[in-house]
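Each remark here refers to the structure printed beneath this line.
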Amino acid sequence: MRADESRDEARAKAAGRSIPKSIIERIVNKRVLQFALYGLCISGPLNHFLYELLNKVFAGRAKTKLNTFLAIVAQNIVISPILNSVFLAANAVIAGERSLSQVIQVVRTRLLGMMKVSWIVFPCVQLFAAKALPPLVWVPFFNLIAFTFGTYFNTQGKIRALQAKRAQEKDE
């Protein structure tokens, strides 16, 4: 069966026709798999390591307002920039940037904007987590929130890029 499918694909390519893809093939592409590997091999372990380190620093301290505030500040000054920098670098590589200087340029140009959003949104999320969730579930909770915001901002970015492209095509 697979040989017949390969021959059909080769004939369609030779004739200049495209092969209709299944919904799974449209969704699961190389980039999706690369992001899954990034999450599994880099982001997940790094998140767990950094938050475990933060929990060790604040272990044994009373849950006072001051300690909660200090934990949130430490997260925003130390952990968030590391995670956001690694995400931007991985995103640049997945998007096709190959040289180290290109990846560094992407991180330099986009990190501050990403940090501003993190500094606005995540203290509220962290305060909720510190008050309502055990430290063991902080990372999955933060990942869910980050995934939601990441999806939103990626979608907004794609919409703006499409609008700019259409405006440019209209002007031509």
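The values are calculated or read from the model by the stated rules, or taken from the named source; none is laboratory data. Keep in mind it's a predicted model, so treat the numbers as computed, not measured. Every residue, glycine as well, gets a Cβ built from its backbone with ideal geometry; the counts of neighbours run over all protein chains shown. Accessible surface areas use protein heavy atoms only, side chains included; no ligands, DNA or RNA. Shrake-Rupley method; radii C 1.70, N 1.55, O 1.52, S 1.80 Å.
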remark   = Taking F122, F35 and ranking on accessible area (1.4 Å, protein atoms only), highest first, one gets F35, F122
query = How large is ³J(HN,Hα), in whole Hz, for each residue of region 103-111 in order, when computed from phi with the Karplus curve 6.51 cos²θ - 1.76 cosθ + 1.60 and θ = phi - 60°, using x for Gly and Pro?
reply = 5, 4, 4, 4, 5, 4, 7, 10, 5
Virtual spin-label span in nm between A161 and I82, 7 Å along Cα→Cβ = 3.0 nm
remark   = Checked region 18-172 with the C-alpha gyration tensor, a ≥ b ≥ c its square-rooted eigenvalues, rounded below a/c of 1.5, otherwise prolate if a/b is larger than b/c and oblate if not; verdict prolate
ask   = So, counting K/R as plus one and D/E as minus one, what does the shell of residues with Cβ under 14 Å around A95 add up to?
value = +4
task = Return one whole number: the accessible area per residue of region 59-120 in Å², for a 1.4 Å probe.
result = 62 Å²
key: Rounded percent of accessible protein surface that carbon and sulfur make up, region 40-109, 1.4 Å probe   = 69 percent
inquiry  = What figure, in Å² to the nearest 10, do you get for the accessible area of C41 with a 1.4 Å probe and non-protein molecules left out?
reply    = 90 Å²
key: Pairwise label distance in nanometres, I42 with K63, each label 7 Å out on the Cα-Cβ vector   = 3.5 nm
ask   = Ordered by residue, what ³J(HN,Hα) values in Hz, to whole numbers, does region 52-68 give under the Karplus form 6.51 cos²θ - 1.76 cosθ + 1.60, where θ = phi - 60° and Gly and Pro are x?
value = 5, 4, 4, 4, 5, 4, 9, 5, x, 8, 5, 7, 8, 4, 5, 5, 4
query = Which whole-Hz couplings ³J(HN,Hα) result when phi for each residue of region 71-85 is put into the Karplus expression 6.51 cos²θ - 1.76 cosθ + 1.60, θ = phi - 60°, listed in order with x for Gly and Pro?
reply = 5, 5, 5, 4, 5, 6, 8, 10, 6, 4, x, 5, 4, 5, 5
query = When the solvent-accessible surface of protein heavy atoms is calculated with a 1.4 angstrom probe, in what order do W119, W138 fall, highest first?
reply = W119, W138
request  = Enumerate lysine pairs in region 26-172 that are 8 or more residues apart or on different chains, then count those whose Cα atoms are under 23 Å apart.
outcome  = 7
